[in-house]
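Down below is the structure, laid out as C-alpha coordinates.
The values are calculated or read from the model by the stated rules, or taken from the named source; none is laboratory data. Every value quoted in this text rests on a predicted model; they were computed, and no experiment measured them. Quick reminder, even Gly has a Cβ in these numbers, built from the backbone with ideal geometry, and neighbours come from all protein chains shown. Surface accessibility is based on the protein's heavy atoms, side chains included, excluding ligands, DNA and RNA. Shrake-Rupley method; radii C 1.70, N 1.55, O 1.52, S 1.80 Å.
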Amino acid sequence: MAVADIAEEKAAVEKPLRADARRNRDRLVEVAASVFAERGIDASLEEIARRAGVGIGTLYRHFPTREHLVEVVYRREAEGLCAAAGELAAKHPSDVALEQWMQRFVDYIATKRGLATSLRILFSTNSTLFSDTSGRVSQALRQLVEAAVADGTIRGDVDASDVLHALSGIYSAPDTPEWRDRSRRLVKLLMDGLRFGAGKG
(Lines give C-alpha, C1' and ligand atoms only; values in the text may rest on other atoms or scores of the structure.)
Protein backbone atom coordinates (compact mmCIF):
# COMPACT_ATOMS: atom_id res chain seq x y z
CA MET A 1 0.00 0.00 0.00
CA ALA A 2 1.38 3.44 -0.93
CA VAL A 3 2.29 5.96 1.76
CA ALA A 4 -0.24 8.39 0.29
CA ASP A 5 -3.01 5.79 0.61
CA ILE A 6 -2.12 5.16 4.26
CA ALA A 7 -2.09 8.90 4.98
CA GLU A 8 -5.49 9.30 3.31
CA GLU A 9 -6.96 6.46 5.38
CA LYS A 10 -5.52 7.89 8.58
CA ALA A 11 -6.98 11.31 7.85
CA ALA A 12 -10.37 9.73 7.29
CA VAL A 13 -10.46 8.16 10.73
CA GLU A 14 -8.82 10.97 12.68
CA LYS A 15 -11.82 13.30 12.54
CA PRO A 16 -13.28 14.25 15.93
CA LEU A 17 -15.33 11.38 17.32
CA ARG A 18 -18.47 11.34 19.42
CA ALA A 19 -17.98 10.10 22.97
CA ASP A 20 -19.46 6.66 22.25
CA ALA A 21 -17.41 6.29 19.07
CA ARG A 22 -14.27 7.28 20.97
CA ARG A 23 -15.01 4.66 23.61
CA ASN A 24 -15.48 2.01 20.92
CA ARG A 25 -12.23 2.98 19.24
CA ASP A 26 -10.27 2.96 22.50
CA ARG A 27 -11.76 -0.40 23.45
CA LEU A 28 -10.86 -1.88 20.05
CA VAL A 29 -7.25 -0.74 20.40
CA GLU A 30 -7.02 -2.13 23.94
CA VAL A 31 -8.46 -5.49 22.93
CA ALA A 32 -6.38 -5.66 19.75
CA ALA A 33 -3.17 -5.21 21.76
CA SER A 34 -4.13 -8.16 23.95
CA VAL A 35 -5.22 -10.40 21.07
CA PHE A 36 -2.16 -9.64 18.94
CA ALA A 37 0.10 -10.41 21.91
CA GLU A 38 -1.70 -13.73 22.45
CA ARG A 39 -2.14 -14.91 18.86
CA GLY A 40 0.18 -12.92 16.64
CA ILE A 41 -0.60 -10.94 13.53
CA ASP A 42 -2.90 -13.64 12.15
CA ALA A 43 -5.36 -12.98 14.96
CA SER A 44 -8.89 -12.62 13.61
CA LEU A 45 -10.23 -9.09 13.33
CA GLU A 46 -13.67 -10.59 13.89
CA GLU A 47 -12.46 -11.93 17.24
CA ILE A 48 -11.08 -8.52 18.18
CA ALA A 49 -14.43 -6.90 17.37
CA ARG A 50 -16.32 -9.58 19.30
CA ARG A 51 -14.14 -9.22 22.41
CA ALA A 52 -14.52 -5.45 22.22
CA GLY A 53 -18.30 -5.83 22.13
CA VAL A 54 -18.80 -4.21 18.73
CA GLY A 55 -19.59 -5.38 15.21
CA ILE A 56 -16.93 -5.92 12.56
CA GLY A 57 -18.33 -2.96 10.64
CA THR A 58 -17.49 -0.69 13.59
CA LEU A 59 -13.92 -1.97 13.57
CA TYR A 60 -13.53 -1.25 9.86
CA ARG A 61 -15.02 2.22 10.21
CA HIS A 62 -12.25 3.09 12.65
CA PHE A 63 -9.50 1.00 11.06
CA PRO A 64 -9.97 0.45 7.31
CA THR A 65 -6.96 -1.89 7.12
CA ARG A 66 -5.20 -4.31 9.43
CA GLU A 67 -2.00 -2.26 9.07
CA HIS A 68 -3.75 0.88 10.33
CA LEU A 69 -4.95 -0.97 13.42
CA VAL A 70 -1.45 -2.38 13.94
CA GLU A 71 0.12 1.07 13.75
CA VAL A 72 -2.31 2.54 16.28
CA VAL A 73 -1.79 -0.40 18.65
CA TYR A 74 1.99 -0.14 18.34
CA ARG A 75 2.02 3.59 19.02
CA ARG A 76 -0.34 3.14 21.98
CA GLU A 77 1.88 0.49 23.53
CA ALA A 78 5.03 2.56 23.05
CA GLU A 79 3.41 5.72 24.42
CA GLY A 80 2.06 3.85 27.43
CA LEU A 81 5.48 2.37 28.16
CA CYS A 82 7.14 5.78 27.96
CA ALA A 83 4.51 7.43 30.15
CA ALA A 84 4.91 4.66 32.74
CA ALA A 85 8.50 5.73 33.40
CA GLY A 86 7.46 9.02 34.94
CA GLU A 87 4.45 7.54 36.71
CA LEU A 88 6.49 4.77 38.35
CA ALA A 89 9.32 7.13 39.27
CA ALA A 90 6.84 9.35 41.11
CA LYS A 91 5.44 6.46 43.16
CA HIS A 92 8.36 4.16 43.95
CA PRO A 93 12.04 4.12 44.93
CA SER A 94 14.18 4.40 41.82
CA ASP A 95 15.26 0.75 41.63
CA VAL A 96 11.68 -0.47 42.14
CA ALA A 97 10.45 1.93 39.45
CA LEU A 98 13.12 0.58 37.09
CA GLU A 99 12.19 -3.04 37.78
CA GLN A 100 8.47 -2.46 37.34
CA TRP A 101 9.10 -0.56 34.11
CA MET A 102 11.19 -3.44 32.77
CA GLN A 103 8.35 -5.83 33.59
CA ARG A 104 6.06 -3.61 31.55
CA PHE A 105 8.66 -3.76 28.79
CA VAL A 106 8.01 -7.51 28.63
CA ASP A 107 4.35 -6.82 27.83
CA TYR A 108 5.41 -4.26 25.21
CA ILE A 109 7.71 -6.82 23.59
CA ALA A 110 4.94 -9.45 23.65
CA THR A 111 2.68 -7.13 21.67
CA LYS A 112 5.49 -6.12 19.32
CA ARG A 113 6.28 -9.79 18.58
CA GLY A 114 2.64 -10.39 17.77
CA LEU A 115 2.69 -7.46 15.34
CA ALA A 116 6.03 -8.34 13.76
CA THR A 117 4.87 -9.11 10.20
CA SER A 118 2.73 -6.01 9.81
CA LEU A 119 5.32 -3.84 11.55
CA ARG A 120 7.88 -4.81 8.93
CA ILE A 121 5.45 -3.60 6.26
CA LEU A 122 4.79 -0.38 8.13
CA PHE A 123 8.48 0.30 8.72
CA SER A 124 9.10 0.00 4.99
CA THR A 125 6.51 2.72 4.24
CA ASN A 126 6.92 4.89 7.35
CA SER A 127 10.60 5.30 8.11
CA THR A 128 10.01 7.46 11.19
CA LEU A 129 7.62 5.08 12.97
CA PHE A 130 10.32 2.91 14.53
CA SER A 131 12.92 5.63 15.07
CA ASP A 132 10.42 7.89 16.85
CA THR A 133 9.13 5.23 19.21
CA SER A 134 12.44 3.45 19.87
CA GLY A 135 14.12 6.76 20.67
CA ARG A 136 11.46 7.63 23.23
CA VAL A 137 11.58 4.16 24.81
CA SER A 138 15.38 4.37 25.09
CA GLN A 139 15.14 7.79 26.73
CA ALA A 140 12.54 6.58 29.24
CA LEU A 141 14.82 3.71 30.27
CA ARG A 142 17.85 6.01 30.45
CA GLN A 143 16.05 8.35 32.87
CA LEU A 144 15.13 5.46 35.17
CA VAL A 145 18.62 3.94 35.09
CA GLU A 146 20.35 7.27 35.72
CA ALA A 147 18.04 8.02 38.66
CA ALA A 148 18.79 4.64 40.24
CA VAL A 149 22.54 5.09 39.71
CA ALA A 150 22.39 8.58 41.19
CA ASP A 151 20.80 7.46 44.45
CA GLY A 152 22.89 4.31 44.75
CA THR A 153 20.12 1.73 44.46
CA ILE A 154 21.84 0.07 41.48
CA ARG A 155 25.51 -0.23 40.59
CA GLY A 156 27.34 2.90 39.55
CA ASP A 157 28.92 1.34 36.47
CA VAL A 158 25.60 0.60 34.75
CA ASP A 159 24.98 2.04 31.30
CA ALA A 160 21.38 2.33 30.09
CA SER A 161 22.30 1.13 26.60
CA ASP A 162 23.62 -2.12 28.08
CA VAL A 163 20.40 -2.63 30.00
CA LEU A 164 18.35 -2.01 26.85
CA HIS A 165 20.53 -4.48 24.94
CA ALA A 166 19.89 -7.12 27.62
CA LEU A 167 16.15 -6.45 27.55
CA SER A 168 16.04 -6.55 23.76
CA GLY A 169 17.42 -10.09 23.87
CA ILE A 170 14.02 -11.11 25.23
CA TYR A 171 12.52 -10.30 21.84
CA SER A 172 14.54 -12.96 20.03
CA ALA A 173 13.85 -15.75 22.54
CA PRO A 174 11.83 -18.70 21.19
CA ASP A 175 8.08 -18.09 21.19
CA THR A 176 6.99 -20.78 23.61
CA PRO A 177 3.95 -20.91 25.93
CA GLU A 178 6.15 -20.03 28.91
CA TRP A 179 7.92 -17.17 27.12
CA ARG A 180 6.32 -14.37 29.13
CA ASP A 181 6.85 -16.04 32.54
CA ARG A 182 10.45 -16.83 31.63
CA SER A 183 11.00 -13.26 30.49
CA ARG A 184 9.70 -11.91 33.79
CA ARG A 185 12.14 -14.17 35.64
CA LEU A 186 14.95 -12.88 33.45
CA VAL A 187 14.04 -9.31 34.39
CA LYS A 188 14.31 -10.26 38.07
CA LEU A 189 17.72 -11.83 37.45
CA LEU A 190 18.83 -8.71 35.60
CA MET A 191 17.71 -6.53 38.50
CA ASP A 192 19.60 -8.74 40.94
CA GLY A 193 22.72 -8.06 38.88
CA LEU A 194 22.05 -4.31 38.74
CA ARG A 195 21.58 -4.14 42.50
CA PHE A 196 24.65 -6.25 43.33
CA GLY A 197 27.29 -4.04 44.88
CA ALA A 198 25.08 -0.93 44.78
CA GLY A 199 26.08 1.85 47.13
CA LYS A 200 29.67 0.66 47.47
CA GLY A 201 32.43 3.06 46.75
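Figures for the structure shown
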read-out	value
Computed magnitude of the charge dipole of the chain (debye, nearest 20; Cβ of K, R +1, Cβ of D, E -1)	400
Förster-model FRET efficiency, 30 Å R0, Arg51 and Thr128, C-beta, rounded to 0.05	0.45
Cut-off under 5 Å, modelled amide H: who pairs with Thr65 long-range	none
Sites Arg27 and Arg155, calculated FRET efficiency, Cβ-Cβ separation with R0 35 Å, nearest 0.05	0.25
Positive-end residue of Ser161, Ile121, Leu98, charge dipole of segment 97-189 with Cβ unit charges	Ile121
Tilt relative to the chain, helix 3-13 - C-alpha long axis, 0 to 90 degrees, to 10	80
Tensor-based shape of segment 55-146 (alpha-carbon gyration tensor, a/c under 1.5 rounded, otherwise prolate or oblate)	prolate
Solvent exposure ordering (accessible area, 1.4 Å, most first) of Asp42, Asp20	Asp42, Asp20
Cα gyration tensor shape for segment 140-201, rounded if a/c is under 1.5, else prolate or oblate	prolate
Karplus 3J(HN,Hα) series, Hz, for segment 85-98 with 6.51 cos²θ - 1.76 cosθ + 1.60 (x for Gly, Pro)	4, x, 5, 5, 5, 6, 9, 10, x, 4, 6, 5, 4, 4
Reported label for calculated Rg/Rh (Cα atoms, Kirkwood Rh) given (1) 1.02; (2) 1.16; (3) 0.95	(1)
Portion, in percent, of the accessible area of segment 10-135 that falls on carbon or sulfur, probe 1.4 Å	50
